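Peer 1: Mind having a look at this structure? Questions to follow.
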Amino acid sequence: MSQLKNVFHAIDAINQADTNTTVVDGVSHPKELLYGQYMSACLDTYWPNASEQLKIAARAQHVKRWQLKRADFPSGKSGYLAWRKALGIYHGATAKAVMLEHGYSEEDANATARIIRKENLKSDPDTQTLEDVACLVFLQYYFEAFAAKHKEEKIIRILQLTWRKMSTQGQEIALSLSLPTQTGKLIAQALA
């Protein structure tokens, strides 16, 4: 097995322990295991020449996410932002440790951790691509369930924020996705 595949296998083994589940076609999957696989598939489809650091960052974006619970942070926007920052640091450190265990250099492992922490978003191509992939995966696999739980004005605001985080390439890909009709209408409203 290649070094990259060994790292993917190790990340998947960690995420296999997630007790939170997502049901797809009647089959229950560990939530973050499935998320990592969606991230890798999206990256492979639209950015097939991505670096190994970016490929690992996509797979590890939510590695062991269930360990840092939102409820353990203060409520409100500042608590949410603190949680998100803590997650980035945690996921980056976890990915770095896995990479080092499998023979990657400190430099490569640090680069992956920086991508996961979303450092230099908009100016670093790998970091921006990871953000694009996360937004595309959200729109493709998670948006519909999210939208069902929230009022339309909040949904529109979230879509607008999501859109602003994406590159022009990411936005073009999003517009080309086969999405449910209602999702397409909400995106059109958000962009109007």
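The numbers here are math on the coordinates, done by the rules we state, and not lab data. Worth saying up front: this structure is predicted, and the values here are computed from it rather than measured. Because the Cβ atoms are built from the backbone with ideal geometry, glycine has one as well, and the counts that use them run over all protein chains shown.
Peer 1: Can you pull the one-decimal nm distance between simple spin-label points at S75 and E144, each 7 Å off the Cα toward Cβ?
Peer 2: The answer from the label model is 3.2 nm.
Peer 1: Here is a follow-up. Please give the contour-minus-distance gain from V24 to A93: 0.36 nm per residue of separation, less the Cα-Cα distance, rounded to one decimal in nm.
Peer 2: 21.9 nm
Peer 1: Would you please name the trypsin sites (Lys or Arg not before Pro) within segment 42-117 that are DSSP coil residues with at most 10 other C-beta atoms within 10 Å of their C-beta?
Peer 2: K69
Peer 1: Any chance you could get the radius of gyration and Dmax over the Cα atoms of the chain, in Å?
Peer 2: 16.6, 49
Peer 1: Measuring from label point to label point, each 7 Å out along Cα→Cβ, what is the R164 to Q67 span in nm?
Peer 2: Modelled inter-label distance: 3.3 nm.
Peer 1: What is the Å³ per residue value for the convex hull set by the Cα atoms of segment 134-192?
Peer 2: It is 73 Å³ per residue.
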